[in-house]
Structures are given as C-alpha cells and as structure tokens.
1. Taking segment 89-138 as the region of interest, how many residues are on the phi > 0 side of the Ramachandran plot and charged (D, E, K, R)?
2. For segment 138-193, name all the residues that are within 30 Å of ARG299 (Cα to Cα) and hydrophobic (A, V, I, L, M, F, W, C).
3. Give just the number: which of (1) without any contact (Cβ under 8 Å) to a residue 60 or more places away in the chain; (2) not in a loop (DSSP other than H, G, I, E, B) does ASP289 not satisfy?
4. Would you check if ILE124 is away from the ligand (no atom under 13 Å from the Cβ) and out of contact with any Pro (no Cβ under 8 Å at 6 or more places or on another chain)?
5. Among the candidates GLY92, GLY97, single out the residue that is of a type in the set (Gly, Ala, Ser), surrounded by 22 or more Cβ atoms within 10 Å (Cβ to Cβ), within 12 Å of the ligand (Cβ to nearest atom) and in contact (Cβ under 8 Å) with a residue 40 or more places away in the chain.
6. Limited to segment 167-194, what total is found for residues that are crowded, with 19+ Cβ neighbours inside 10 Å, of a type in the set (Val, Ile, Thr) and not in a strand (DSSP E or B)?
7. Any idea which of (1) loosely packed, with under 14 Cβ neighbours inside 10 Å; (2) of a type outside the set (S, T, N, Q); (3) away from the ligand (no atom under 12 Å from the Cβ) is the one GLU272 doesn't satisfy?
8. Restricting the first residue to segment 259-273 and requiring it to be over 19 Å from ILE166 (Cβ atoms), which pairs with a second residue that is within 11 Å of the ligand (Cβ to nearest atom) meet a Cβ separation below 7 Å and a spacing of at least six or different chains?
Amino acid sequence: MVVEPKSIQDIIATLTYARATRQKITVCSGGHSFSANHLRDNSMLILMKGFNSYEINADTLTAKAGPGVGGSVLMLELYKHNLFFPAGHCKGVCIGGYLLQGGYGWNGRKLGIACQSVIGLDIITADGELVHANAEQNSDLFWAARGAGPGFFGIVICFHLKLYPIPKYRAIIAHDFYMNHLEDVYTWAYEVGPVIPKAVEFQMIMSNNMLNLLGPGIEAIAPIFADTKDEYEEAMAFMKNSPIKSKAVIATPAFNPGIDMLYKTTMTHYPEEQYWGVDNMWTHAPLNDLMPFIKEIARTLPPEPSHFLWLNWHPGHLSTDMAYSNEDNTYLALYSTWKNAEDTPTYGDWAANMMRQMAHLSTGIQLADEGLHQRTAPFLSNSHLKKLQEIRAQRDPHGLFYEWHSRPVIK
Ligand SMILES: Cc1cc2nc3c(=O)[nH]c(=O)nc-3n(C[C@H](O)[C@H](O)[C@H](O)COP(=O)(O)OP(=O)(O)OC[C@H]3O[C@@H](n4cnc5c(N)ncnc54)[C@H](O)[C@@H]3O)c2cc1C
C-alpha cells in the first residue's frame, strides 16, 4: 500500500492502521536511495514528497524545511538571500533522506557533515505522537536522526536548519587526464590530500568518457567556497602548482560556475531515469595497497556515465554528539549505471563485487551511497550502532519501521 499524506493527521492515521493490521512502514522523501531502501516486502510506503514547503529566516540564519524539499531547490532560494547550506550535489535528492544519513554537500569539509547543521526536527514517532527533538528535548531522537539514515524509526515532517552567509569567493578548477597518467594522478591526489584546505571539496571522477567527449580518463575537480581572498588563494594553490598539471589534456582556470551551472555539471555524472549499482568505502590504506584495485576499476569500469569517485575528506575531529560516526581520509565510491533492464545482469553487481575485493582496505561505508541490499558493511561505529539500536528498542518496540536492508553484527 502506498500512502501520500496531505497532513500530519493522515500520517498518524496511517501509522495507527499499520499497527492494527500488523504491517511495517517505509518512508520515502525524494526517492533517491540507491538501494531503493523504501521498497520492502509487506510494507506500507509513506511518500513525503508533498511535505516540501520551507521558510527562510535571514535574520536568525535559520530555516524550516519539509523532507520533500530538494537540496538544489533550497540552495537556489538561499543564494537569492546570499545565504548557504551544505546541500547535496545533485538535483532531485531531497533533504529527508540526505540529512538523516549525514549529508555530504557543498562546502561540506568546512561546514561539516550537513546533519551537523540540523538544530531540531519535528518527528512523528512509532506510537503516532508528534514531537520536537533537539539537544534539550527528545534528545535521543535528535541523536539518532543525525546518522541513522535509512534505518531511522520515525517520520520526519520538518527539519530546523542552521544557515550560513554565502561564501564570497566561489570557483571550480578542473584538470583532466587521460588514463595513461593514472598512477601519477592518484599518487598526487594521495600525497596532497592531507594538506588540501577545508574550503576545497577535492574529488576525482574516473569514467570512460571524460566530459562526454574525451574518452577514458580522470577529471580532478576542485570546487572552492572561501570566505576571504586569502582563503581563496590558499585553496587554489595546490591545483595551480600541481606538479602534474602539464600532463592534463585540459586544465581550466578558476571560474565561478553560478548555482545553475554547478548543478548542471554534477548531473552529467548522475543522470535521472537510470538503473544504478552503487557501493562505497572509507579508507586510509596506503596507496600501494589501493593502486592494484584502482587499476582493476579502470580496466573493468562500465560505460559512461558510470564512474569511480575519489573524494578527499580528511576529516577533523567529529565533535558533535550524534549517531553519525563513520568517516576516514578518503572516500571511494563506484557508480555503475545503465539505461535498459536487460543490462542489469551485466552491470548490476560490478560495484558490490569490486568493493568486496577491497573490503580489507576499508574502515566502513557511507549511508549516502549504500548498497546494503547487496553487501553488508559497517556504517556507524560499533558503540553508536549499539546505542542506536537501544534507542530503537525504546522508541519502536514493536518494530513498526523497517531497518536498513542489512546491518553489521554489533560486537
Ligand atoms: C543522483 C544522486 C546524487 C546524490 N548525491 C548525494 C550527495 O551529493 N551527497 C550525499 O550525501 N548524498 C547523495 N546522494 C545520496 C542521497 O543523499 C541518499 O540516497 C538520500 O537518502 C536521498 O534522500 P531522498 O529523500 O531523496 O531519498 P529517499 O529514497 O526518499 O530516502 C532514503 C531513506 O531515508 C529514509 N527517509 C527519507 N525520508 C524520510 C522521512 N521524512 N522520515 C523518515 N525517514 C525518511 C527512508 O528510510 C528512506 O528509505 C545522492 C543520491 C543520488 C541518487
């Protein structure tokens, strides 16, 4: 059964009905879960896309937004007010699923994981009560809702967000390399990673057709969000002075793409209406150990827009008390994507199979790009997963809400 509630009362009535008929609940906001986490057997699916209104308060630097608000929609509106939020990189992704799992967004290395900018939530609990959760009240739910991701046990109807002034100096620099420079490119990225300033979300995308034009290669991309001229100059330096810049087939100067172009650029790698097979890992493994697998990825990578993402993260210390607890220096993600159902047997398992081979080098996964229907891997620290399950037992004692497709065993 699929329910499209128009009001809070509709949601409460749906939960009452599910409890009475012993059905489980799944929730969907933007529907961008790569593993289609909300499609589960014998469940009632609640579609929250209609909860998509938002209010921006420029004076207090806060906003209230429903889970069905697209991250790009919010960003567009914030830009008009010279404000900013670390929203996700693609159109279509809604803040519902995005913020529950953490949220790796624009300027995320500097502003932190997006759920660190959630200051409160309005939630309907498993027993059908509407509550507000923040650091002071219902703090167990507040803790859980920032990191539980697709395993959250309640329905978020509104997020209360902290906003930021828009970074004054915004730019992208890109260097594109053919595949014969693979070793040089990853060696440089690995070596420079620890010193890349926080105002840069440095990433590299390997695909079989760079820029939809150049054939197989690696795009090294540095989006910069700096508040001062000095910070901007410092952020650009590692690209400007890159020792392998001369090997690039294209090396762009820094340019400000504007918000529309920013999203258009990312959408070339994440088109709509596609099938996806996705998996990922966090790592701090030595490059020598990773390199044979990177070469194997290059050798077996499905046709574009399938790609391999290397994201330089190098987190600081995670100071906020929340369920989210798993990150590391480098994030590696495989996105296999194809247009026709008959290609599923060919490309469907590639990402999970590759990640299985590399699992000994991994310190866990992100829930953003989870493929837990195909492969189990740790997504929270052991102690946080244990605490989360204790809160679940209190808040959803009868297991009304589905958990993740699979979860690692708590040690
Ligand atoms: C093209 C694409 C690009 C992406 N880019 C990024 C990115 O830049 N950064 C990043 O961090 N992630 C990114 N993701 C991952 C994305 O953030 C997650 O898949 C996220 O869960 C999507 O949110 P959604 O609301 O659209 O998805 P949904 O599929 O609707 O939600 C995912 C799960 O979250 C839970 N959920 C959703 N809404 C609610 C609610 N209101 N109450 C309770 N539980 C709820 C449900 O368990 C649901 O199954 C991307 C995904 C895609 C497909």
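The values are calculated or read from the model by the stated rules, or taken from the named source; none is laboratory data. Everything quoted here is computed from the prediction, not taken from an experiment. Glycine gets a Cβ as well: all are built from the backbone with ideal geometry, and neighbour counts include every protein chain shown.
1. 0
2. The initial filter retains those residues of segment 138-193 that are within 30 Å of ARG299 (Cα to Cα), namely 172-193.
Matches in segment 138-193: ILE172, ILE173, ALA174, PHE177, MET179, LEU182, VAL185, TRP188, ALA189, VAL192.
3. (1)
4. On the way: away from the ligand (no atom under 13 Å from the Cβ): no; out of contact with any Pro (no Cβ under 8 Å at 6 or more places or on another chain): yes.
No: the conditions fail for ILE124.
5. That would be GLY97, the only listed residue that is of a type in the set (Gly, Ala, Ser), surrounded by 22 or more Cβ atoms within 10 Å (Cβ to Cβ), within 12 Å of the ligand (Cβ to nearest atom) and in contact (Cβ under 8 Å) with a residue 40 or more places away in the chain.
6. Count: 1.
7. Here GLU272 meets the rest and fails (3).
8. Listed pairs, sorted by first residue: MET267/CYS90; MET267/LYS91; THR268/PRO305; HIS269/PRO305; TYR270/CYS90; PRO271/PRO305; GLU272/GLY92.
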